[in-house]
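Okay, structure first, notes after.
Rule-based calculations on the coordinates, nothing more; no lab input. Treat the numbers as computed from the prediction; the structure is a model and nothing was measured. All Cβ positions, even for glycine, are placed from backbone atoms using ideal geometry, and neighbour counts span all protein chains on display.
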Amino acid sequence: MAERGLVVSAPGKVILHGEHAVVHGKAALAVALGLRTFLCLRPGGEERLRVRLPGVGVLRSWDLPGLRALRGRLEADFDESKPPSAELLEALKEFAGIPAEASAPDSLAILAFLYMCLAISAKYGDVPSADIVVWSELPTGAGLGSSAAYAVCLAAALLRTCGAISCPLKDGETTASWRAEGWTEEEMTLINSWAFQGERVIHGNPSGVDNAVATWGGALRYQSGKIKSLKRVPTLRILLTNTKVPRSTKVLVVGVKEKILKFPAIMNPVLDSIDAISQECQSVLEAMPANPSPEYYPVLEELFDINQHHLNVIGVGHPSLDRLCRVTASHGLHSKLTGAGGGGCGITLLRPGECPSARPVRHGGERGRPFLPPGTAWLTRWLFLPPPWQTPPCWPWKQPSEICALAGLNAGRPTSGPPA
Ligand SMILES: Nc1ncnc2c1ncn2[C@@H]1O[C@H](COP(=O)(O)OP(=O)(O)O)[C@@H](O)[C@H]1O
Ligand SMILES: C[C@@](O)(CCOP(=O)(O)O)CC(=O)O
Ligand SMILES: [Mg+2]
């Protein structure tokens, strides 16, 4: 399989409640999204490793002797139980010709790639001679977990290529029944733990919720490394709006930390309150029938509102998100940011019977003015939470083009198969 190459994919996510607080040991509720990142790895003929990341404009290639020499020098620093050290990241930056302070999407993507490739091969095998391309249906840096989906794809492909995990397909097969023949629990845990290392390179101090949901799919509660899959979650309809305001999770997470250090007595109760919101939301969801009637919604809506205020208090709001909340409120709807905030995406809870269309929509304006700021395209998309978000009982492997052509609302665990 690794000799023939492989394609893997992993989903993005939406955080319902608990973003940022989860970095500080509180609970978060997250669900996998039907938008995915794909990775295709083909064995290369020459002694080279080539990587193409069209989403962040990267095309790089290194010769294997150079990578092996670098790996040899850094071998002692690859400790997967610890965050990658500053010295290790400096050495990788120097090798890749990335300036010391660079934090642009392409620089972080190359850094995470080099780190995972060298660290995984140092532990399990040789640096692969391969052509790797990663592409995504997810917007990058918009709160939908593109960094985690990228890291899960890299972890799964590199671990498989080094022989650390099995091939989920039998010889000659082109489709895999995910549950029957997919990776074992142990292999999934290994993928998740290496993806967490990749997230550490990109985010600095990730909680682990994003890589957990990109690895395991479905709906889950995450707290301090503990993953609990939510079995009984009703069908909720969520409108996802991308403000298209760029932001960096790493910068926002650092900002929250600084605020907590500056005003601990003020910020810690806010984090406790966000934690209580996640608990309350989980209780409400678990008490709701599969197809809930409107009387369940006022509490969920109020929790959205309260959490959005809290997220503004800890400094991760943005005028574009305020605008989303204001405009949706003028239609009687309740919204909050999702993911790191500071721009990116917001989610709006829809009651049953509201706007039945599943097509992307453009909002009408406030008092007749266009909702879209001039020159900006706001992406809106209806999402249904679950069943379409739940891990399908059997995920058939498809050609990437076929998967991309699907309606886009099938979420689940990473998939794997041979290249097209
Ligand atoms: N498809 C991709 N190819 C390469 N790098 C990616 C891809 N998707 C995400 N990344 C990396 O993840 C970073 C975005 O992560 P982050 O700021 O956490 O936002 P989010 O995870 O919400 O999309 C990008 O700057 C880039 O380095
Ligand atoms: C803000 C945070 O809670 C979620 C970040 O998600 P995203 O990278 O914005 O998709 C950070 C984390 O949990 O690691
Ligand atoms: Mg991220």
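Taking Cβ atoms as reference points and 12 Å as the exclusive limit, the residues near Ala109 contribute a net charge of +1, counting Lys and Arg as +1 and Asp and Glu as -1. Ranking of Phe113, Phe95 by neighbouring Cβ atoms within 10 Å, starting from the fewest: Phe95, Phe113.
For the range 28-119, the square roots a ≥ b ≥ c of the C-alpha gyration tensor eigenvalues yield an a/c of 1.5 or more together with a/b not exceeding b/c, which makes the shape oblate.
Geometric descriptor of the range 90-161, per residue, is 99 Å³ (volume of the convex hull of the Cα atoms). Of the residues Leu59, Leu88, Leu41, Leu158, the one with the fewest other Cβ atoms within 10 Å heads the list, and the complete ranking is Leu59, Leu88, Leu41, Leu158. At an R0 of 41 angstrom, the distance between the Cβ atoms of Phe263 and Glu94 translates into a FRET efficiency of 0.60. Cross-link check: pairs Lys13/Lys123; Lys26/Lys228; Lys244/Lys336; Lys13/Lys226 evaluated at a Cα-Cα cut-off of 19 Å; pairs beyond the cut-off: Lys13/Lys123. In order along the range 239-253, the phi-based Karplus estimate (6.51 cos²θ - 1.76 cosθ + 1.60, θ = phi - 60°) of 3J(HN,Hα) comes to 9, 9, 10, 9, 6, 6, 8, x, 7, 10, 4, 4, 5, 5, 5 Hz; Gly and Pro are listed as x. Taking the fewest neighbouring Cβ atoms within 10 Å as the starting point, the ordered list for Ser136, Ser330 is Ser330, Ser136. Using the Cβ-Cβ distance between Ser166 and Asp322 with R0 set to 60 Å, the FRET efficiency works out to roughly 0.80.
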